[in-house]
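Notes follow once the structure below has been shown.
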Amino acid sequence: MKDEFAFIQSITPAYSFRDELINGIGDDAALYRIGAECDEIACTDTMVEGIHFKKDTMTPFQIGRKALAVNISDVAAMGGIPLFYLVSLSVPNSGWSTRQLKEIYRGLKALGDEFQMDMIGGDTVSTRSDLHISVTVIGKIEKGRRLLRSNARPGDVVFLTGPVGGSAAGLSSLLSGETNSYISYHQEPNPRVKQGRILAKSDCRISLNDVSDGIASESHEISEASGVSIVLEQDLIPAPEGFDAYSSFQRLEWMLNGGEDYELIGTVAEADWKNVEKLFLEQKESIYRIGYVEDKKPGVWMSYKDQKFKLDKKGYNHFSSKE
């Protein structure tokens, strides 16, 4: 198996049984009807030792915190409110002490408490090698306010809620034994729930995605879901402070394909852009215009010095030996 995204497409059901289902596989989270006022959001992610984390790059507390953060980020990308979480842990026969496992749960609880979330269940089993932690988050979104990848239209503004590339730079530093300010981007990401809620309550037509696999990959997902072309303007993409210390090639690679930044990327109608900017300013939050949407076949392009370059859907692919 070489392509995670192709595999997901191959197992996506061709039809659904439940009338309550609004949106299944294909967005940041599943969405289904639960009542007259709100729809329910459900998502799950798994972190595997040696793939997503190592003991020498993250503490058990940070591992637990991040495992919940990546799921909360998916709820944020739907404009939702996270409510509950379930945790399943597959523990190897050696290498992890009871104290370390409790630290993982302490990390989960610390972030869950920030968002007033309750842990309501899960499972603990043994495995032959390496620790696996799988988290499921349940949230909600008001009727009519869901933010889907399929909402982009030609003429829209493409926006980003914060700088990207910091997590990849932090991981590179950790693996090379360096210490710098980018390490926290990788170890302790902050899901943008507040920003997602601002967008959901704006009453604007907005497409949204969280930056887990890099903005090139996330832009492709919006492009494909909406049937449009997206152009990113290189000079407008925000980078972390001090990124000029790296080569231009390295900076761009981390910003486009590094992933795990967990900012929000999306689109909004040009006529609504100023209003969205104002809402973010009033809440003392950042938002950046980084491109535009065209009425062309799905694809993502980079604009730089009056030229356009096609961007591959690169990102992090769990089944690719090249990434």
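Test of understanding: express the Cα radius of gyration of the range 131-215 as a ratio to 2.2 N^0.38 Å, with N the residue count. Intermediate values should be presented prior to the final figure.
Details: Rg = 16.3 Å, N = 85, 2.2 N^0.38 = 11.9 Å.
Here the Cα radius of gyration is 1.37 times the empirical estimate.
Considering only 138, 120, 183, the mean-square fluctuation computed in a Gaussian network model of the chain, springs between alpha carbons under 10 angstrom, is largest for 120.
Heavy-atom accessible area with a 1.4 Å probe sorts 113, 213, largest first, into 113, 213. In the range 92-169, a dipole from Cβ-located charges (positive for Lys and Arg, negative for Asp and Glu) runs towards its positive end, and of 122, 148, 138 it is 148 whose Cα lies farthest in that direction. Every helix of 4 or more DSSP H residues in the chain counts as -39500 (n - 2.57), and over all residues that averages to -9500 deg cm²/dmol at 222 nm.
Taking 0.36 nm per residue of separation and subtracting the Cα-Cα distance, full extension of the segment from residue 21 to residue 98 would add 23.7 nm. Ranking 48, 262, 96 by how far each Cα lies toward the positive end of the dipole of the chain (charges on Cβ) leaves 96 at the top. Modelled spin labels at residue 296 and residue 46, positioned 7 Å past Cα toward Cβ, are 3.9 nm from each other.
Go through the range 236-316 and name the trypsin sites (Lys or Arg not before Pro) that are in a DSSP coil and have 14 or fewer other Cβ atoms within 10 Å of their Cβ. Could you put the intermediate results ahead of the total?
Values: sites: 251, 274, 278, 284, 289, 296, 305, 308, 310, 313, 314; in loops: 284, 296, 305, 313, 314.
Here the sparse-neighbourhood loop sites are 284, 296, 305.
Here the Debye sum runs over all C-alpha atoms of the range 52-109 as equal scatterers in vacuum, and log10 of I(q)/I(0) at q = 0.26, 0.29 Å⁻¹ comes out as -1.11, -1.26.
Placing a pseudo-label 7 Å from each Cα along the Cα-to-Cβ vector at residue 236 and residue 38 gives an inter-label distance of 3.5 nm.
Let's see if you can work this out: charge +1 on each Lys and Arg Cβ, -1 on each Asp and Glu Cβ, no other charges. What is the dipole magnitude of the chain about its Cα centre, in debye to the nearest 20?
Details: 36 positive and 47 negative charges, 45 e Å.
For the chain, the charge dipole is close to 220 debye.
Checking every one of the trypsin sites (Lys or Arg not before Pro) in the range 100-173 against DSSP loop status and a limit of 13 other Cβ atoms within 10 Å picks out 128, 143. Across q = 0.23 Å⁻¹, the range 109-152 modelled as identical point scatterers on its alpha-carbon atoms has Debye log10 I(q)/I(0) values of -0.96, in the order of the q list. Estimated at 0.36 nm per residue, the fully extended path between residue 55 and residue 289 surpasses their Cα-Cα distance by 80.5 nm. For the listed residue pairs 284/313; 143/201; 201/284; 55/102; 274/296; 109/194, the alpha carbons are over 21 angstrom apart in 284/313; 274/296.
Among the GluC sites (Glu not before Pro) within the range 194-246, those in coil by DSSP and having at most 14 neighbouring Cβ atoms inside 10 Å are 241. Electrostatic tally near residue 292: other residues with Cβ closer than 10 Å to its Cβ, Lys and Arg +1, Asp and Glu -1, net -3.
Taking 35 Å as R0, compute the FRET efficiency from the Cβ-Cβ separation of residue 205 and residue 308 and round it to 0.05. Efficiency at R0 = 35 Å is approximately 0.85.
The values are calculated or read from the model by the stated rules, or taken from the named source; none is laboratory data. Not measured: the values here are computed from a predicted model. As a convention, Cβ positions derive from the backbone with ideal geometry for all residues, glycine included, and neighbour counts pool all protein chains shown. Heavy atoms of the whole protein, side chains included, go into the accessibility calculation; ligands, DNA and RNA do not. Shrake-Rupley method; radii C 1.70, N 1.55, O 1.52, S 1.80 Å.
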